[in-house]
Each structure stands twice: as structure tokens, then as C-alpha cells.
1. Could you check, for the stretch 227-234, whether at least one of its residues is surrounded by 17 or more Cβ atoms within 10 Å (Cβ to Cβ), among the aromatic types (F, W, Y), more than 21 Å from E110 (Cα to Cα) and in contact (Cβ under 8 Å) with a residue 40 or more places away in the chain?
2. Residues in the stretch 178-197: is at least one touching a Gly at 6+ places or on another chain (Cβ under 7 Å) and either at pLDDT below 95 or of a type outside the set (V, I, T) (or both)?
3. Given I91, I97, which one is under 25 Å from L174 (Cα atoms) and either in contact with a Phe, Trp or Tyr (Cβ under 8 Å, 6 or more places away or on another chain) or in contact (Cβ under 8 Å) with a residue 60 or more places away in the chain (or both)?
4. Within the stretch 36-71, which residues are assigned to a strand (DSSP E or B) and surrounded by fewer than 17 Cβ atoms within 10 Å (Cβ to Cβ)?
5. Go through the residues of the stretch 210-222 one by one and say whether even a single one is closer than 21 Å to F21 by Cβ, among the hydrophobic types (A, V, I, L, M, F, W, C), touching a residue at least 24 places away in the same chain (Cβ under 8 Å) and surrounded by 14 or more Cβ atoms within 10 Å (Cβ to Cβ).
6. Specify the residue that is surrounded by the fewest Cβ atoms within 10 Å (Cβ to Cβ); the eligible residues are those in the stretch 152-184 that are under 20 Å from S214 (Cα atoms) and of a type in the set (D, E, K, R).
7. For the stretch 187-202, what are the residues that are surrounded by 18 or more Cβ atoms within 10 Å (Cβ to Cβ), assigned to a loop (DSSP other than H, G, I, E, B) and not charged (D, E, K, R)?
Amino acid sequence: MNYASSDSPNNKCSVCVLGQFCLPVGLNSIDVAKVDALVKERVHLQKGENLYRHGDPLSSVYSVRFGTLKTEYCLQDGRQQVIGFHLPGEILGLDGIGDGRYQSDAIALEESEVCIIRYEAFEDLARQIPVLQHQFHRILSRELTQDQRHLLSLGTMRAEERLATFLLNLSQRLAARGYINNEFDLRMSRVEIGSYLGIQIETVSRMLSRFAESGLIQIKQRHIKLIDMDGLYELSGAPNPDRQSKARP
């Protein structure tokens, strides 16, 4: 891992295009300066490098600046269970708050960079800026809700429903960050997707091929294009939010 200073004005939280995901809106100039001073370092990761490991003492939480990371847990039989994929603007390390130790391994899926937020300093600042504390609670709530929905999908959805939901979730998260919502590269392998969705790699490959044959997607290696968004939403059992927004008066 390579560490770098965040002292440059272009690296401040207040001018970061991902600030809307990490920071509350409406901070005054004094509070903005305090938040800018909070993030003093970034860490650059190559593909396959660990940001932290299960059992490491909690020292910081991290915001993804660019790249993609996964979090995974080692089961008693030695298998690795993927529990999350993290995109720019998302926070890692929250699972360490309860026990003071990280509960998973965080690993870069591609060249990535994260901002280091020292947890003790953040706690002190959050007590001074209630709106910052409220934003942190919102992030925690969002993470909990996402985990609950994922557990629900594992218990109630068929394999094709899980995969469709996974692709649509990626699409929504990328769109929120200004990327094209229907065409992207899968930074995770089919093995990792299968681990996260609780299905075998053969099933992942078979479902992707079936989606392509049905005209729902186009796929070439890891590059995927979502062709029939309505069909994918129908398969996932969820309404298409784009259709709903257009239907409102």
C-alpha cells in the first residue's frame, strides 16, 4: 500500500465530486474547514491488496475515492464468503465499530484509492457538528438496510432473481455516480459474484448466458450491457424506478 497526503486543495472533501455520498449538505464554511482537516491521508491499493484484515484493531473508516473493493469473511472450513462490493463514495470499516476490530477482510478488486478517516478524530468532530453525526447515522442505516435486503434475497429469491437484482443494483449505484447506467465492466469475478449471491459459479455463468440469449443483456468477458431494463426489473420482482418517476404527474 502506498500512502499519500491529502493536503492539496484539489484533494479536499469539500471539492470532491463524491462528497454528496460522504458529507452532509448545508455545512457552513467553518465546519467545512474542520471536515477538510479530518482527512489528511489517502492510501493507494493495487489489485489484490488488503486495506485491512479481519481482526485488525479499528483505527479508521475509509471512503473509496476511485476503484472497487470487496469485503469477505473466512468461514471455518477455509472458504471465503464475499459479503459486499464497494464503489467510489462508499464507506468501509463500519463493521469494526462494535467490537473495535474489523470483522472482515477488505481487498481491492482493481487499482483503487481510499481516503483515511481516523475514527477517534471523526467521533470528536461529529460531537461538534451534529449534522455530520446525523449523516454518519444515515450511512450506518443505509448499510444495515442493504444487508437486510441482501439476506432477504438469499432466503427468498431464485438464482436468476438474485442475479438480475445484483446487476440492477450495480447499475443504480453507478448511475448515481454519473456513469452510464446500462453498460459497465464487472470488476468482480464470477466466483466472487457466486459467493456473494450464494450460488455456484456454474449457475452464474449459465444464468448470464441465459440472460444474453433472452435479449436481456449483452456480455463479452467482463463487459456487460443491460439491453432490456424492464425485463430485468420484471425478473427481479421490483418496479423500474425510471418508469415510476415518468408516470408521476
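1. Yes, there is a match, as at least one residue in the stretch 227-234 is surrounded by 17 or more Cβ atoms within 10 Å (Cβ to Cβ), among the aromatic types (F, W, Y), more than 21 Å from E110 (Cα to Cα) and in contact (Cβ under 8 Å) with a residue 40 or more places away in the chain.
2. Scanning the stretch 178-197 turns up no residue that is touching a Gly at 6+ places or on another chain (Cβ under 7 Å) and either at pLDDT below 95 or of a type outside the set (V, I, T) (or both).
3. After ruling out the rest, the residue left standing is I91.
4. E41, N50, P57, F66, listed by residue number.
5. no
6. Top of the filtered list is R158.
7. Selection gives M188, I199.
The values are calculated or read from the model by the stated rules, or taken from the named source; none is laboratory data. As the structure is a computational prediction, the values presented were derived from the model and not from experiment. Backbone-built Cβ (ideal geometry, glycine too); neighbour counts: all protein chains shown.
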